[in-house]
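Down below is the structure, laid out as structure tokens.
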Amino acid sequence: MLPIFGCPDSMRVQKINTMLEKSIRKCNPRPALRTLLCLLLLFVTMPAAFADISGIYPQVHSLFPTADRFGETEGTPPAAPVYQNNQLIGYAFLTGDMVRIPAYSGQPINVLVGIDTSGRIMGARIVHHEEPILAAGVSEERLAKYVDQYRGKPTSGRIIVGGQREGYATVDAISGATITIMVVNATITRAVRMVAESRGIQSAETGAQPTTSITATMREPISSLPKTSAKTAPRPVSKTTSPPSPPTTNAALSHTPLTAAPAPALPIFASETDDEEPLWVILWSQRKLEIALLLTGLILLTNILLFQDYLARHPLLLVRVRLGFLIYTLFFIGWYGLGQLSIINVLTFMKAVMHQFSWDTFLIDPMLFLLWSFVAVTLLLWGRGVYCGWLCPFGALQELTFKLARKLKLPYFDIPHMVHERLLALKVVILLALFGLSLQSMSWAIKAAEIEPFKTAITLRFQREWGYIAFALGIIALAAFNRKFYCKYICPLGAALIIPGRFHTFEWLRRRKECGKPCQVCAVECEVQAIRPTGEIVINECHHCLDCQVTYYNNRKCSPLVEKRKRRERLKGPDPDKGSDEPVASSGLEDIPISVKPVDKTT
Ligand code: SF4
Ligand code: SF4
């Protein structure tokens, strides 16, 4: 009954039953009908008799295997007493009743937790979450194993994720789900402390010696807990994600490897100092190095954009700068910092704007927040090209694959312009479909967003089921034979970036009046096919690679400059345009035969 009404509180059930009784009396139905309604009422009411926490969440039995009775959820913060032989042995409670920290999805994670009267956590079971990273790549079993590590940990809240620190208990991280597990850790530790303090339970000690501040912390009143986390806000539980599991020994759990491969250098996240600060502040302060490196990269990219004309006149320098930046994007932003933006971010943002917007949701990952902020500005200034051409880790992976393929002299397949123009609409259709799905169900949209190979290739570094890996590798292989095939025709994020990019302010990519009329050099060279046969650059499709700008300044490739140079040479005069004589080597164009051929402009 409770899940039907979405109410975790048995008092509410009783209220509902009282309301039903009153309604039946008011209707004054005939005796037979009244009997039928009463039977129905009895049927509906019956579960309320078992409305203790064990009736709603049978998983609680696995937290307290020796318990013979669970009381009603009561008190502030709400918790259900647990008995054995009429002796109080602990409390069971839902973190959602007291701590609601927005996670990656923007929604809090609800965890069923048990603590005993000696100040130890009896275990934890996740009962509801909407985390896309978990739906997409990290299995529920891994998440269940992760929270199982809290069994036996002290209720002091001194628990860190990854690493070792004196006076702290440690839980192992899950690779690729840093934000989610950080939120789970903060949620559990804060809720556990709140319940333990309110019931006068002294925390057990960790394996290491606790510091003196633990005692002080235990004496702090609940009101000292952060405002954002101390909300009492029960919410419907629609998904049971963690089945009951048999008790496991603490030692075994603490040594259970949760990552399929060596975990990256995950930062150490402690929860002891978070009493005064929101979680995002702690996360930002603990990722200072990553933030500094990201800001350095963004400043460098800003300078590349500001001095793009200089770079275009020095093609070899541009090639090196661009290659270095793409490697930085792939390895640092993508594989190390997990800063791959996704259409899921866009859908989450739109959902938040439509429902309840909270900065906390977006600040929780500094890499994503800074990247999105930078992208928002560059979209309005230059369009989508800055992100797609320079900052997207999966885009960088495709570019590097394309360059390697040119070095290996693999064949290149061009797509006729008419077909290309038709195919461009495909990514917009995919975007609209995902948006429509997200309005109906975010979890459906998240599953459908698997059309993005980002999670497989970047976030999870190819540590997934073979089907996902094959899909991602197939997309990357396509990029070897047709530059950024996925970006041009499939990527829903690229399509989403087009919309604000339409309002860009600057047109810094230079064109000549001869471009397209009749010269087709740039249009043929641009493998992203962002230059129309008529000569204009379609900014919505441009990836700001600057290849066409190199040609623009090259007096051996750009037709008007070639004409001028030849005229000067015939007159044996100096070249007034001072165009670049350096060979064009960006993106392997030198390996592709370029012909200036007439193009059907009607297409
Ligand atoms: S189109 Fe998509 S995959 Fe390609 S660079 Fe842009 S965001 Fe990345
Ligand atoms: S060649 Fe020019 S038009 Fe084409 S993607 Fe690069 S910058 Fe944009």
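The values are calculated or read from the model by the stated rules, or taken from the named source; none is laboratory data. These numbers come from a predicted model, not from an experiment. Here the Cβ is made from the backbone with ideal geometry for all residues, glycine too, and neighbour counts use every protein chain on show.
Some observations on this one:
- For segment 49-67, the count of residues that are at pLDDT below 55 and either more than 17 Å from G123 (Cα to Cα) or not assigned by TED's automatic domain parsing to the domain that holds A352 (or both) is at least one.
- Residue list for segment 486-513, filter: within 11 Å of ligand 2 (Cβ to nearest atom) and either within 28 Å of L432 (Cα to Cα) or surrounded by fewer than 21 Cβ atoms within 10 Å (Cβ to Cβ) (or both): C487, K488, W508, R510, R511
- Residue match in segment 90-110 (condition: closer than 26 Å to F362 by Cα, hydroxyl-bearing (S, T, Y) and modelled with pLDDT of 90 or more): yes
- Hits in segment 520-547 - residues which are within 6 Å of ligand 2 (Cβ to nearest atom) and not in a strand (DSSP E or B): C526, V528, A530, C542, H543, H544, C545, L546, D547
- Considering R483, R461, the condition of being in contact (Cβ under 8 Å) with a residue 12 or more places away in the chain, within 16 Å of ligand 2 (Cβ to nearest atom) and assigned to a loop (DSSP other than H, G, I, E, B) is satisfied by R483 alone.
- Members of segment 373-393 found to be surrounded by 18 or more Cβ atoms within 10 Å (Cβ to Cβ) and more than 16 Å from ligand 2 (Cβ to nearest atom), listed by number: F374, V375, P393
- When the residues of segment 108-124 are filtered to those that are within 30 Å of the chain's Cα centre (by Cα), in a strand (DSSP E or B) and hydrophobic (A, V, I, L, M, F, W, C), the one that is surrounded by the fewest Cβ atoms within 10 Å (Cβ to Cβ) is V111.
- Yes/no for V428 being more than 16 Å from ligand 1 (Cβ to nearest atom) and part of a helix (DSSP H, G or I): no
- For segment 445-459, the set of residues classified as touching a Ser or Thr at 6+ places or on another chain (Cβ under 8 Å) and more than 16 Å from ligand 1 (Cβ to nearest atom) consists of A445 only.
- Residue within segment 567-577 that is more than 13 Å from ligand 2 (Cβ to nearest atom), part of a loop (DSSP other than H, G, I, E, B) and at pLDDT 90 or above present: no
- Test result for L478, within 16 Å of E527 (Cα to Cα) and either in contact with a Pro (Cβ under 8 Å, 6 or more places away or on another chain) or without any contact (Cβ under 8 Å) to a residue 24 or more places away in the chain (or both): yes
- For segment 514-537, the criterion of being closer than 29 Å to P560 by Cβ, surrounded by 21 or more Cβ atoms within 10 Å (Cβ to Cβ) and in contact with a Leu (Cβ under 6 Å, 6 or more places away or on another chain) is satisfied by at least one residue.
- So L509, is it hydrophobic (A, V, I, L, M, F, W, C), away from ligand 1 (no atom under 16 Å from the Cβ) and over 30 Å from R532 (Cβ atoms): no
- Filter pass, V550 being away from ligand 1 (no atom under 16 Å from the Cβ), touching a residue at least 24 places away in the same chain (Cβ under 8 Å), surrounded by fewer than 22 Cβ atoms within 10 Å (Cβ to Cβ) and outside any loop (DSSP other than H, G, I, E, B): no
- When Y468 is tested against (1) out of contact with any Pro (no Cβ under 8 Å at 6 or more places or on another chain); (2) of a type outside the set (S, T, N, Q); (3) more than 14 Å from ligand 1 (Cβ to nearest atom), exactly one condition is not met: (1).
- Any hit, segment 302-325, residues being in contact with an Asp or Glu (Cβ under 6 Å, 6 or more places away or on another chain) and within 16 Å of ligand 2 (Cβ to nearest atom): yes
- Filter result for F369 (assigned to a helix (DSSP H, G or I), under 28 Å from W444 (Cα atoms), at pLDDT 90 or above and more than 16 Å from ligand 1 (Cβ to nearest atom)): yes
- Each residue in segment 389-408 was checked for being part of a loop (DSSP other than H, G, I, E, B) and either in contact with a Phe, Trp or Tyr (Cβ under 7 Å, 6 or more places away or on another chain) or within 8 Å of ligand 1 (Cβ to nearest atom) (or both), and 1 of them qualify.
- Helices (runs of 4 or more DSSP H) wholly inside segment 270-343 that include at least 3 residues being at pLDDT below 95: 279-286, 288-306
- Candidate set: segment 306-352, residues that are closer than 24 Å to Q549 by Cα and without any contact (Cβ under 8 Å) to a residue 40 or more places away in the chain; chosen: the one farthest from the chain's Cα centre (by Cα): Y310
- Taken over segment 520-547, the criterion of being farther than 23 Å from L323 by Cβ and within 16 Å of ligand 1 (Cβ to nearest atom) is satisfied by V538, I539, N540.
- With respect to the conditions (1) modelled with pLDDT under 90; (2) over 30 Å from L347 (Cα atoms); (3) of a type in the set (D, E, K, R), R556 lacks only one, and its number is (1).
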